[in-house]
């Protein structure tokens, strides 16, 4: 980011490193030739460690929502009882997809801003319909509220009470930015999207299925064609996709994942933790109240309340005039909160720049804000988080610089 | 194309003009902001004249196959009787999608290499099930056989016998390259894909629905969520898409359609006709037999038989070694034919280069081929086609050069 570039701080799409951007301008190739097969192989094998899985990664040309639909229609049949744990707008969407395809959906609605409680999940499962739930839908990171669920704890609760239930996880906006272990946690389907932690343009969804989930695809009767995962898996074994893939996005993913491999998981996770800590501390010092509890706050998107008297439209207009783009509230939170994304290629500098702009707008529009307070708090928290993760700041900056060189 | 660049002569994805390619490397933007709304508006309004429609154009993030699925699931209900006119692999695919979602599909199978005959369609409609067919599926340009159906004639036949039937058209690989009049021909749904005539990377499908088709979406009961067209239409009226769109591909389409507007429909169609004529004449002079009848040969892809004794794998290996990438046979034509794509930004020079390489390989591998015969025939036919279209060659080249400057 230079001073002429917009600081795109929405929770995806994210700003792309220049090397990744440029890969989007490569000339087209035959998607049924060896060059594409190489791209597909590198992308899928480099993604596996971030999902914490040895499953084949399936590449779909669609948005994350298409990936969620694929998770459902490939493993379930109409009439199947499904427990949908919803903690926000994306949890609601996951449930709606299952309903659209005829699942019998029981919702476990969690108040927006809270994470799902394993105890509540146990109770919901204990009062399951006869035969039990066929699947449980969970959101890993709820973009609308800035809450990250504890997937291992929820998965454990499900395994304890309903060992046969498939666990389908919306990992769209979190996987890749934080530690994630599909295999160790026993998750059956995990879905993500290219425009989130993966630092590429939108257009590709990624899905990983356990052996048990693949087995379920053989009997699942929800109709599907474009999003048929078994067809994709079979094609991918020949180095292809069944339908023409979003080649330019795959070129970008190929470069982005090389960067991610070079930077290393530990450094990536530390960077995200530091940027999240800095965002929260900076906004708090400026008088904003975190929407969720700190204990469940997301590492990829921060959601804060708009204080009384701060009109979203005019506030956002001032931010945009200074080239800072954040996200407003979604669904029933419209006008009540705003959200700052910190995932993908995000650096502490970009977060400081964002906090600086917000501070400036508050001061200039006559709201109470001590000039410099937000920036100082953000920097302190970011550096402390890096140190806590064993990444001294200067060292980490160098590693980031090297990764994106 | 320079001599270091591959001559990508498959029927999509096509080689992109450099200005279009480069648009794929732009930095990401907020897909819910005014800049994206502008892109969406320009893309959809510039596409309308090529579809020959005043319908809103719906933008989906998926391959063409996803667009075909959208055409079906948004307008039909399980059990609906559907007539699927199939003249090749893509016609079969369209029928399979309808079957996957529970339509009662009657197939009108046409021998591969032939076009659909309006008389045969009339007969099939006359022996329709009680209540008649709810929809008829047609392929405009069948990429697997290099045949272009006469859509106005087929639509007229359908309108005469089954005026209530919805006409759903797979226009993926033809619309944009040849005259097309959705409204005048009375077509209910037309679908295309960004990587074909539109000179952009794959990842976006385009759909246009008649009033009658939109009306059908209100009662259609096939399940849908990701590909819900009404949701897309409603979002687009607010300058957005319901799910995160393939932004980089939209950037490319934006630039490509500006070029197409500048070049003008007449010149674009003349260029495609000339490239098709040149390809056919060149290959014929080299001893290849056109797979379909000349009268129904496609303007965007030429399919020729592999003569006895010419092994596809080794022949194709020689072509690839010379940086010419063509497409082999699809489905049951594997090993029997090969296909040369000529759509999108294709120029006569690129076709001549391709014919030159094929000629060279034939001569070098000891097959009977008069050096220069293919090239001379191709050039003659291409220039004659341009002249017949009222585009003197030099003038057209200049216009092409200007359009891509």
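Each value in this text was obtained by applying a stated rule to the coordinates, not by laboratory testing. Given the structure is predicted, the values throughout are model-derived calculations rather than measurements. With ideal geometry, Cβ positions are generated from the backbone for all residues, glycine too; neighbour counts draw on all protein chains shown.
Tabulated data
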{"read-out": "Among beta bridges that DSSP assigns inside the protein assembly as shown, antiparallel share in %, nearest 5", "value": "50 percent"}
{"read-out": "Of A:231, A:258, A:313, the one that fluctuates the most in a GNM where chain A has Cα springs shorter than 10 Å", "value": "A:313"}
{"read-out": "Residue A:96/residue B:45 FRET efficiency (R0 41 Å; Cβ-Cβ; nearest 0.05)", "value": "0.85"}
{"read-out": "Candidates B:199, B:260, B:123: whichever shows maximal mean-square fluctuation once chain B is modelled as a Gaussian network with Cα springs under 10 Å", "value": "B:123"}
{"read-out": "The range A:86-150-the range B:200-256 distance, computed between alpha-carbon centres (Å)", "value": "28 Å"}
{"read-out": "Label point distance in nm, residue B:153-residue A:336, each placed 7 Å from Cα along Cα→Cβ", "value": "6.3 nm"}
{"read-out": "The range B:332-375-the range A:1-40 distance, computed between alpha-carbon centres (Å)", "value": "33 Å"}
{"read-out": "Anisotropy class of the range A:264-403 from Cα gyration tensor, a/c 1.5 cut", "value": "prolate"}
{"read-out": "Degrees separating the helix A:348-364 axis from the principal Cα axis of chain A, which is the longest one", "value": "50 degrees"}
{"read-out": "Sites residue A:109 and residue A:54, calculated FRET efficiency, Cβ-Cβ separation with R0 30 Å, nearest 0.05", "value": "0.30"}
{"read-out": "FRET efficiency, 1/(1 + (r/R0)^6) with R0 60 Å, evaluated for residue B:370 and residue B:238 via beta carbons", "value": "0.45"}
{"read-out": "Percent of beta bridges antiparallel (DSSP, the range B:18-260, rounded to nearest 5)", "value": "40 percent"}
{"read-out": "Three-way shape label, chain B, alpha-carbon gyration tensor, a/c 1.5", "value": "oblate"}
{"read-out": "Structure-based [θ]222 nm, chain A - -39500 (n - 2.57) summed over DSSP H runs of at least 4, per residue, nearest 500", "value": "-13500 deg cm²/dmol"}
{"read-out": "Pair residue B:363, residue A:261: separation of 7 Å Cα→Cβ label points (nm)", "value": "4.4 nm"}
{"read-out": "Highest-MSF residue in chain B out of B:232, B:272, B:342 [GNM, Cα springs under 10 Å]", "value": "B:232"}
{"read-out": "Folded to 0 to 90 degrees: helix A:312-321 orientation relative to chain A principal axis, Cα", "value": "70 degrees"}
{"read-out": "For the range B:153-303, share of DSSP beta bridges that run antiparallel, in % to the nearest 5", "value": "55 percent"}
{"read-out": "Whether the protein assembly as shown is rounded, prolate or oblate, judged on the alpha carbon gyration tensor where a/c under 1.5 counts as rounded", "value": "prolate"}
